[in-house]
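Since the structure comes first, as structure tokens, the remarks are kept for the end.
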Amino acid sequence: MVRITVKLFAGFRPLLPAENRIEGITIDVDDYITPHQILRQFKVPVEQAHLLLINGVFIEPERRNQAIFKNNDVFAVWPAVAGG
Amino acid sequence: MAWTRNVLRVNLTELSCKKEPLNMEWASQYLGQRGLASKYLVEEIDPKVEPLSPDNILIMATGPLTGTMASTAGRYSVITKSPLTGAIACSNSGGFIGMEFKNAGWDMIIFEGKAPYPVYLYLENDQPELLPADEIWGKTAWATDEWLHNQHQDPLLRIATIGRSAEKGCLFAAVINDLHRAAGRSGVGTVMASKNLKAVAVRGTKGVGNIKDPAAFMKAVNEGKKVLAENAVTGQGLPTYGTQVLMNVINEVGAMPTRNMREVQFEGAEKISGEAMHEPRPTDGKPNLVTNAGCFACTIACGRISTIDKGHFSIQHKPQYFGASGGLEYESAWAFGSDTGVDDLDALTYVNFLCNEDGMDPITLGSTIAAAMEMFEQGDLTLADTGGLELKFGSAKALVEIVELTARGEGFGKEIGLGSKRLCEKYGRPELSMTVKGQEFPAYDPRGIQGMGLAYATSNRGACHLRGYTVSSEIMGIPEKTDPLATEGKAELVKAFQDVTAAVDSSGLCVFSTFAWSMSDIAPQIAAACGDEWTMDTLLEAGERIWNLERKFNMDAGLTGADDTLPKRLLKEAAKTGPAAGRVNDLHKMLPEYYQLRGWSEEGIPTPETLNRFGI
């Protein structure tokens, strides 16, 4: 098992329980779980999840179906966003 | 085609106005707006001119697509020599006044000289009048806007004006149009004030025509709008959250400039984020964000319209601020928020209102306050210097008070109005000014986004994100993802972004369209409006030509390659947290390659061959 914190932003935010939307939700998961499996667990549409970060580092699309989480990782997810 | 082919030349010294034909040979090389007006500037002033002297000129310029039905085609720019940097200045704004200039029949207005007394330009189609501004000199931009609408009994007048800060000599004063849009950076409003020009009020009823191939234009425009609507960023993200959606993104990736760029992550980011603007306030149950808003013809509509809690200390006795007005963009939220350590969303919204009301660049203002806070913390500034103001990081009260003082040009606010470079030099701490060429950084720490270090260092108007926004690629993956911590390939990336942006900034379109549009979406719209000679290749060539023209102006003005650098803090002090922990910006690894790609000498000077290649 690994303990990770999941943070959802922008339009994905309402998919987290209200009390976890700011700080994120910390969960224990099997250590073979993948980023896409986490997304499905929170009903995040995988095809719309554009920016995936673990501890602030971008997760390339080819790694999103791999077991890459370590204990205490922070997994942050956005749809496609931009600004200026 | 698409241009009106008319230039209004206003000689303020003589109080005269003259119509002249647009130089179409230059238009064929520089397109319009930023590029074409820069060409006029370069041809008409001595690059060494004192920016606030009557010998400087100020140009308000549209692009060929401004005022057309193309999406985002509401842009205009103010071009001059900057009093903040001594470099070329070009500040771009949306809203509606660009469209109105075109409807009145003008591509650009060139202001020369200095009026013998305060005046404003009242322009109804092809009838310009210079009228006394004694009743509005000394008024805010908002009060001026109201007075002009009442004076001319025309609710459809579009107005660009300066506020009190410009009149008081604030070196980063903006030109405000349509109440809360701004040609914000580099002190273009200060130049306007130096000319005794308070405002431009324009009304156009001629329509915008001269489209070369109307059928092809409608087709290209409709296809472009479809792309914007179907794109997740321009169709959903920007309308819903505005640019403020970046607050949490940039904080998570460890590139959030915090407390005068000492740190790269802000513990209060969530409280001042785009998401927070949607949350109901505990006091009155209403969210900060009332609605989004669009500029003329824009189908993205990223603008924010916000309110402040009526019970908040900043406005509790000021009912004039109870209503909704232009809300926080990411740049103002960062500069007033993380950089000063303040996480009070209402306070930030209030000082943002003040920037609109009195015409100040929030990036430079917030960064200058942050530098002052660091000097205060370290004892370089005392209560005697600040007039008793406790300029401490994290103090919303101090932030509100100093912004009010700066808007009015009073007390220590007068010194803040100098910008951080002059302020920090005055108090013996020049290294605490987070600037390039005298202009303050935007919201991306280049230790965590390496390409932005090169983009800042080489920006022709001083530190700026809108001259080459590699954040798009390095963080968001648009058009494709690159590693923000790598330096390899960044010289080429920066150059590509700079050239594309120069072309878009010269067209009348908004650079935010490029989150969805590539040049293959933009070129057909410009070609249909202006002529088939405008292809992706010729647009990129024009962009590169514009970049080199601006660079040559700066070199002739006295800047050198040595000015293409970053503050020591970003080159020597490593980031402490986040993915970039332990990293500085490795500018030295990127700059030589950039010069080479540009066709410049090792000292950063455009070679004669390069200048010849672009007919400069």
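The values are calculated or read from the model by the stated rules, or taken from the named source; none is laboratory data. All values reported here derive from a predicted model rather than from experimental measurement. Counting neighbours? That spans all protein chains shown, and the Cβs are built from the backbone with ideal geometry, glycine included.
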Filter pass, B:Ala529 being assigned to a helix (DSSP H, G or I), touching a Gly at 6+ places or on another chain (Cβ under 6 Å), within 23 Å of B:Lys225 (Cα to Cα) and in the same structural domain as B:Thr470 (by TED's automatic domain parsing) | no
Out of (1) within 20 Å of the chain's Cα centre (by Cα); (2) surrounded by fewer than 16 Cβ atoms within 10 Å (Cβ to Cβ); (3) among the hydrophobic types (A, V, I, L, M, F, W, C), the odd one out for B:Leu52 is which?
-> (2)
Could you identify the single residue in B:Leu156, B:Leu179, B:Leu171 that is closer than 25 Å to B:Cys90 by Cα, away from chain A (no Cβ under 14 Å) and surrounded by fewer than 22 Cβ atoms within 10 Å (Cβ to Cβ)?
-> B:Leu179
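Can you say whether B:Gly419 is buried (at least 21 other Cβ atoms within 10 Å of the Cβ) and either of a type in the set (Asp, Glu) or touching a Lys or Arg at 6+ places or on another chain (Cβ under 7 Å) (or both), as far as the supplied structure shows? Let's see the steps before the verdict.
Details: buried (at least 21 other Cβ atoms within 10 Å of the Cβ): yes; either of a type in the set (Asp, Glu) or touching a Lys or Arg at 6+ places or on another chain (Cβ under 7 Å) (or both): no.
So B:Gly419 does not fit the description; no.
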Given (1) under 17 Å from the mean Cα position of the chain (by Cα); (2) among the polar types (S, T, N, Q); (3) within 12 Å of another protein chain (Cβ to nearest Cβ), where does B:Ser459 come up short, assuming only one miss?
-> (3)
Scan the stretch B:490-501 and give yes if some residue there is over 17 Å from the mean Cα position of the chain (by Cα), over 28 Å from B:Gly235 (Cβ atoms) and within 12 Å of chain A (Cβ to nearest Cβ), otherwise no.
-> no
Selection status of B:Pro579, farther than 22 Å from B:Cys90 by Cα and at pLDDT below 95 = no
Residue check, B:Tyr594 against (1) under 24 Å from B:Arg262 (Cβ atoms); (2) outside any loop (DSSP other than H, G, I, E, B), all met but one. Which one?
-> (1)
Identify all residues within the stretch B:548-591 that are within 14 Å of chain A (Cβ to nearest Cβ) and part of a helix (DSSP H, G or I); write none if there are none.
-> none
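Are any of the residues in the stretch B:578-590 touching a residue at least 40 places away in the same chain (Cβ under 8 Å) and surrounded by fewer than 14 Cβ atoms within 10 Å (Cβ to Cβ)? Give the derivation first.
Going through the stretch B:578-590, the residues touching a residue at least 40 places away in the same chain (Cβ under 8 Å) turn out to be B:578-581, B:583-587, B:589-590.
From what's left, surrounded by fewer than 14 Cβ atoms within 10 Å (Cβ to Cβ): none.
Among the residues of the stretch B:578-590, not one is touching a residue at least 40 places away in the same chain (Cβ under 8 Å) and surrounded by fewer than 14 Cβ atoms within 10 Å (Cβ to Cβ), which makes the answer no.
How about the stretch B:323-428: which helices (runs of 4 or more DSSP H) wholly inside it have at least 2 residues that are touching an Asp or Glu at 6+ places or on another chain (Cβ under 7 Å) and touching a residue at least 12 places away in the same chain (Cβ under 8 Å)?
Where helices (runs of 4 or more DSSP H) fall fully within the stretch B:323-428 and carry at least 2 residues being touching an Asp or Glu at 6+ places or on another chain (Cβ under 7 Å) and touching a residue at least 12 places away in the same chain (Cβ under 8 Å), they are B:345-358, B:362-377, B:396-408, B:420-426.
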How about the stretch B:510-525: which of its residues are within 18 Å of B:Asp537 (Cβ to Cβ) and either out of contact with any Phe, Trp or Tyr (no Cβ under 8 Å at 6 or more places or on another chain) or of a type in the set (A, V, I, L, M, F, W, C) (or both)?
-> B:Thr514, B:Trp517, B:Ser518, B:Met519, B:Ser520, B:Asp521, B:Ile522, B:Ala523, B:Pro524
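Mind checking which strands (runs of 3 or more DSSP E) fall wholly inside the stretch B:82-197 and carry at least 3 residues that are farther than 18 Å from B:Thr62 by Cβ, without any contact (Cβ under 8 Å) to a residue 24 or more places away in the chain and not charged (D, E, K, R)?
Passing ranges, in order: B:127-132.
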Could you please give the count of residues in the stretch B:459-485 that are at positive phi and among the basic types (Lys, Arg)?
-> 0
B:Cys302 fails exactly one of (1) in contact with a Pro (Cβ under 6 Å, 6 or more places away or on another chain); (2) closer than 28 Å to B:Leu228 by Cα; (3) buried (at least 24 other Cβ atoms within 10 Å of the Cβ); (4) not β-branched (Val, Ile, Thr), namely (1)
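Per-residue answers, yes or no, for (1) in contact (Cβ under 8 Å) with a residue 60 or more places away in the chain; (2) touching a strand residue (DSSP E or B) at 6+ places or on another chain (Cβ under 7 Å):
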position: A:Val2; (1), (2): yes, yes
position: A:Ala10; (1), (2): yes, yes
position: A:Ala18; (1), (2): no, no
position: A:Thr26; (1), (2): no, yes
position: A:Asp31; (1), (2): no, yes
position: A:Gln48; (1), (2): no, no
position: A:Leu53; (1), (2): no, yes
position: A:Gly56; (1), (2): no, no
position: A:Glu60; (1), (2): no, no
Subset tally (residues that are touching a Ser or Thr at 6+ places or on another chain (Cβ under 8 Å) and not acidic (Asp, Glu)) for the stretch B:105-115 = 6
